[in-house]
Amino acid sequence: MEIGFDLGANVPSGVFALHAAVAVVFLYFAAVNGSNGETVGLALYLAIAGMVALVGLLAGRIVSRR
């Protein structure tokens with residue numbers, strides 16, 4: 001199917017990079033919570049960042065197989 005532009009050969013890396021960028025934002029939030037002594041917020045934001053990065057890795061692998 002022609003969509004009007006070429007996505008390029010490195011789409012899986014782009015998918016992972018987008019997810020990694022979002023994960024970095026959550027890591028920043030975790031750092032802010034950690035510096036304020038909020039351990040629950042630190043743990044939650046670290047978990048969210050890890051899950052977003054993991055989903056990015058898995059999505060990149062799925063896209064690479066298509």
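The values are calculated or read from the model by the stated rules, or taken from the named source; none is laboratory data. Given the structure is predicted, the values throughout are model-derived calculations rather than measurements. Glycine also receives a Cβ, built like all others from the backbone with ideal geometry; neighbour counts cover every protein chain displayed.
Take Gly4 and tell me if it is at pLDDT below 95 and either on the phi > 0 side of the Ramachandran plot or exposed (fewer than 15 other Cβ atoms within 10 Å of the Cβ) (or both). Yes: the conditions hold for Gly4. The set of residues in the stretch 15-66 that are outside any helix (DSSP H, G or I), of a type in the set (D, E, K, R) and loosely packed, with under 13 Cβ neighbours inside 10 Å contains only Arg66.
I need every pair where a residue in the stretch 39-61 that is more than 16 Å from Tyr28 (Cβ to Cβ) and charged (D, E, K, R) has its Cβ under 8 Å from the Cβ of a residue that is assigned to a helix (DSSP H, G or I) and modelled with pLDDT under 95, sequence separation at least 6 or different chains. Cβ pairs passing all conditions: Arg61/Pro12.
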